Every structure is written in structure tokens, then in C-alpha cells.
Amino acid sequence: MLIKSYCRITNHSIILDGDRLPDLEKHIMGQKVKEDLDHVFSSMDVDYPSFRNMDDYSKLGFITAELLMKHNGFDVCREKPDIGVIIYSRSGCLGADYNLVRVMEGLSVDDQAYMRSIPNAICSDIACRHRIGGEVGVYLSDGFIYEQLFRTCFGTFQTEPGLNTLLAGYVECYGGYVSSLLCLLTRSPQNPPLDYDLREERFCIEMLRIY
């Protein structure tokens, strides 16, 4: 299992395969997450009207996936049955759940609130946008435990022979905190296949420490 490409977004940075994207970073002020994500999306010139109805968690994941897929030349009009999506998160759709409770209590008005409280809505948005037809799933964990991520992805490759690529990583967006790291993982050409090892561990440590 190999890391082909990655995208990392925080409250103050956007990195794509090691290169910072200043034209997008200038829209991240680090204080108003919703407005920041909306401004980044607007500057990307992407035609996806449903973005405006997403919660912040899904917006962050959608933008990260969009940058990664476009950078690697994937056509949004082509069906991709050999690609899957796996996302780990600590809070998941907790922000959307909180918003739904406020609507139910009459403290807010949002007729789309119930749609965002579905745990795997983030995967649905990404899969629909990029016509991804492989395995999808959201896993909750206490922070980004990269060993769990890579073991899950390796196991998915082992049990799903039709998959050649996984769009996988960590997305957390709650309480003003923004952190995403999505990777394109591909099968190892070795036989037996190359398992997760220290290369991936060092990669994740560096991504979380520097950016």
C-alpha cells in the first residue's frame, strides 16, 4: 500500500503534495470557519451548488478531496468503481447534530439540518461529486490514530479485490478547529503486498507536526 498523493488543510494552511497554495490560503483567517471555507470554495471555481447546504465538517472534507482529485487528473464525469473513500474523525458530524438540536428546539431555522446529521454524509458528498462507486465509510476515533487508518485501508484492499485506489484520511472540523489530511492510497505492486510500515508513520507525524 503506497501513498500516491496527499492534501492537508488546517486553520492557516493548505498544502498539496508538499506545496503550499497561497491563492487559497489567503482566504483562511482562522477565526470564522464557515466563512473561510466558503471563500476557499468560491475561489476554486467549482460548480457544485449543494456545497452551500453542507455543514463545516463536510465542507472541509469536500474541499480537501476536490483539490486532491483534481490535482491527480481525475475526471468528475467518469464513473470510478475502483475507488473507495475512508474517513476517520474525532467529532464527525457533531456540529451538524448540534445544529439539528437547535432547530428542533426552535432556536434556529434550517430546513436542511436533518440531512447533515447523517454520519456518512461527508462520504456521500465526495462520492457523488467524483462518481466514486467503491467501498465508503466513516470511522470515529479519539484523534488521528494513523495506525488504525492504515490498517483499515490495508484490510479494505485485501477484502475488496475490485479496488485499486482509496481516498482516505482524517477530517476534523468542530469548535473552530480545522484539520484534514486526505491521501490517495494505491495497492503495492509487490507480492505479497507491502503492508503499512514506518514510511507512512513518519509521513503522518511530519504532516501533523509541521502544518
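Any read-out appearing in this document is the output of simple, stated calculations on the displayed coordinates, not a laboratory observation. As the structure is a prediction and not an experimental result, all values here were calculated from the model. Methodologically, a virtual Cβ is constructed for each residue, glycine included, from the backbone with ideal geometry; neighbour enumeration extends over all protein chains shown.
Rounded to the nearest Hz, the phi-derived 3J(HN,Hα) couplings of region 170-187 under the Karplus curve 6.51 cos²θ - 1.76 cosθ + 1.60 (θ = phi - 60°) are 10, 9, 9, 8, 7, x, x, 8, 10, 7, 9, 9, 10, 10, 9, 9, 10, 5, where x marks glycine and proline.
If each residue of separation counts as 0.36 nm, what is the full-extension length gain between Gln158 and Gln190 once their alpha-carbon separation is subtracted?
10.2 nm is the gain from fully extending Gln158 to Gln190.
With R₀ fixed at 35 Å, the C-beta to C-beta distance from Asp142 to Asp19 puts the FRET efficiency at about 0.65.
Placing a label point 7 Å from the Cα of Ile205 along the Cα-to-Cβ line, the residues of region 135-155 whose backbone N sits under 17 Å from it are 144-150. For region 1-104, applying the loop criterion from DSSP together with a ceiling of 14 other beta carbons within 10 Å to the trypsin sites (Lys or Arg not before Pro) yields Lys26, Lys32, Arg78.
The calculated FRET efficiency for Lys4 paired with Met104, based on their beta-carbon distance and R0 = 25 Å, is about 0.05.
With the highest mean first, a sort of the peptides 145-153, 119-127 on other beta-carbon atoms found within 10 angstrom per residue produces 119-127, 145-153.
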